[in-house]
Amino acid sequence: MLLTRLASSTVHRLFIMASKPNPHLLHQGAALQIPPKKARTMIRTSESSSSSSSSFKEAFGNYADYLNNLNEKRERVVKASRDITMNSKKVIFQVHRISKYNRAEVLDKAEKDLAAVTKQYMLKLVKELQGTDFWKLRRAYSPGVQEYVEAATFCKFCRTGTLLHLDEINATLLPLSEPSVEPLQINVLDYLLGLADLTGELMRLAIGRISDGELEYAKKICQFVRDIYRELTLIVPYIDDGSDMKIKMDTMLQSVVKIENACFSVHVRGSEYEPLLGSNEPSSFLLGVSDVEL
């Protein structure tokens, strides 16, 4: 009886041990199956990382080429802008040689020089910027364009006594561009900035005309500058990027005041000396008037 019980308990234990899984064998089986899966994963990861790195290198290479080309173009645009500034100043200096005796001769020479600036130096700028997003390089070429606008409007006023409009300036630049691409056109802000600089040159011209005896011409300049200043005071508050314009408005007001003071001095104190205006006689009142500022 006892032997029967021992035998049945032994058989039961053997059955239970046989039914339980061996963790050691399972671990070995798992160890045999996992490495191939990891190997396949590593191979796929290396292939995807190599392809992504090559695409990143290609993208950044394109970005580098774009920035290098843009920087090279900016340098060329800056050089063209400097040439335009320098030669436009020469046109302005030529106009200041004007007098009541050589008006036509001086203006013909100035307009000829301005046409040379347009065909030679503005052409370079147009060729660089046509057909591109030239607003990206506006800061590079804006000083030259402003000086060109100043010279063109100065010549037009001395010739006709009227203002040269933006559409007229852009019409002269249009033939310089190729018909198949977007042409370079001067924007409104650069035109207004050049117009603000024009008032300073008109102030110098008015002082010179007073000393040469052309009082009516000086009064005409005074009224013209007043009109420009009045109109711009209405526009400037609505300009988005108007920091430069606001600074030039202060300078423009000083020019208006100087012309008014000069005309006022002649009108009030100079009527009896009008025959002496423009002469080199020491008795001319302009030689001793302190409030006529250049």
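So, restricting to helices (runs of 4 or more DSSP H) that lie completely within the stretch 80-172, which ones have at least 3 residues that are of a type outside the set (V, I, T) and either open to solvent by 70 Å² or more (accessible area, probe 1.4 Å) or under 25 Å from C222 (Cα atoms) (or both)?
Answer list for the stretch 80-172: 103-117, 138-160.
Could you check, for the stretch 192-202, whether at least one of its residues is of a type in the set (V, I, T), surrounded by 16 or more Cβ atoms within 10 Å (Cβ to Cβ), on the phi < 0 side of the Ramachandran plot and in a helix (DSSP H, G or I)?
There is at least one residue in the stretch 192-202 that is of a type in the set (V, I, T), surrounded by 16 or more Cβ atoms within 10 Å (Cβ to Cβ), on the phi < 0 side of the Ramachandran plot and in a helix (DSSP H, G or I).
Let's see how each residue does on (1) part of a loop (DSSP other than H, G, I, E, B); (2) at pLDDT 85 or above:
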residue: R226; (1), (2): no, yes
residue: R230; (1), (2): no, yes
residue: V236; (1), (2): no, yes
residue: K246; (1), (2): no, yes
residue: F264; (1), (2): no, yes
residue: V268; (1), (2): no, no
residue: E274; (1), (2): no, no
residue: S283; (1), (2): yes, no
residue: E293; (1), (2): yes, no
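In this structure, does G208 turn out to be touching a residue at least 12 places away in the same chain (Cβ under 8 Å) and open to solvent by 40 Å² or more (accessible area, probe 1.4 Å)?
Values: touching a residue at least 12 places away in the same chain (Cβ under 8 Å): yes; open to solvent by 40 Å² or more (accessible area, probe 1.4 Å): no.
When the stated conditions are applied, G208 does not pass them.
Taking D244, is it under 25 Å from the mean Cα position of the chain (by Cα), under 13 Å from A196 (Cβ atoms) and free of Cβ contacts under 8 Å to residues at least 24 places away in the same chain?
Answer is no for this residue.
Can you tell me which residues in the stretch 224-241 are within 19 Å of the chain's Cα centre (by Cα) and surrounded by 12 or more Cβ atoms within 10 Å (Cβ to Cβ)? I'd like the intermediate steps shown before the answer.
Here is the first cut: in the stretch 224-241, the residues within 19 Å of the chain's Cα centre (by Cα) are 236, 238-241.
V236, I239, listed by residue number.
Taking the criterion of being free of Cβ contacts under 8 Å to residues at least 40 places away in the same chain, more than 20 Å from the chain's Cα centre (by Cα) and buried (at least 20 other Cβ atoms within 10 Å of the Cβ), would at least one residue in the stretch 174-190 satisfy it?
No, that holds for no residue.
Could you tell me how many of the residues in the stretch 93-120 are polar (S, T, N, Q) and over 13 Å from Y148 (Cβ atoms)?
Adding up the residues that qualify gives 3.
The values are calculated or read from the model by the stated rules, or taken from the named source; none is laboratory data. The structure displayed is predicted, hence computed values, not measured ones. For neighbour counting, all protein chains shown are included, and Cβ atoms are generated from backbone atoms with ideal geometry for every residue, glycine included. The protein model used for the area step is the full one, side chains on, heavy atoms only, and it has no ligands, DNA or RNA in it. Shrake-Rupley method; radii C 1.70, N 1.55, O 1.52, S 1.80 Å.
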